[in-house]
Amino acid sequence: DGDVDADDLRNMPLEKRKEFYRVQHWERGGWGRIEAQMPAWKVYDAGVNMGIGQASLILQRAVYACGGILEIDGRVGPITIRLTNRTNWIFLMDAMRCEMRRVYEMILKAHTDYEIYRAGWMERANT
């Protein structure tokens, strides 16, 4: 049908699944331009779970919280990458975790039936 859903991914051979995630999430997000591995993987994980746009906003808000002056527009271009790479990655990780928790809390407030996901989402945000 042209749309890759959870069933398609489950039935996909492992190598093809890896390629799908590499192309659709890692490369499309441009996360390989982030020098520190931990923030790069964190924003990638957020992108897989929340979408690349939301992950981009999380990264930009986290950089801003760490003192980077940038436009928070959800587009990760050279300025966002340069400031990300200049930010202490430990502080950046803390700020990204905080932003992820905030986004999840907003989702939970808007969709009370998603409460069953709270523990898993918070674990995901905090790791």
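The values are calculated or read from the model by the stated rules, or taken from the named source; none is laboratory data. Please read all numbers here as calculations on a predicted model, not as lab measurements. A quick note on method: Cβ atoms are made from the backbone with ideal geometry, for glycine too, and the neighbour counts reach across all protein chains shown. Accessible surface areas use protein heavy atoms only, side chains included; no ligands, DNA or RNA. Shrake-Rupley method; radii C 1.70, N 1.55, O 1.52, S 1.80 Å.
Here are a few things to note about the model shown:
- Filtered residues of the stretch 39-97 (kept if more than 27 Å from LEU9 (Cα to Cα) and among the acidic types (Asp, Glu)): GLU71, ASP73, ASP94
- Candidate set from the stretch 24-38 (those that are assigned to a helix (DSSP H, G or I) and open to solvent by 60 Å² or more (accessible area, probe 1.4 Å)); member that is farthest from ASN85 (Cα to Cα): GLN24
- Of the residues contained in the stretch 9-27, one or more are found to be more than 18 Å from the chain's Cα centre (by Cα), within 26 Å of ARG118 (Cβ to Cβ) and at pLDDT below 95.
- Residue in the stretch 116-127 that is touching an Asp or Glu at 6+ places or on another chain (Cβ under 9 Å) and not in a helix (DSSP H, G or I) present: yes
- The number of residues in the stretch 81-110 that are of a type outside the set (A, V, I, L, M) and without any contact (Cβ under 8 Å) to a residue 24 or more places away in the chain comes to 8.
- Qualifying residue in the stretch 44-67 (condition: open to solvent by less than 60 Å² (accessible area, probe 1.4 Å), farther than 23 Å from ARG102 by Cα and of a type in the set (A, V, I, L, M)): no
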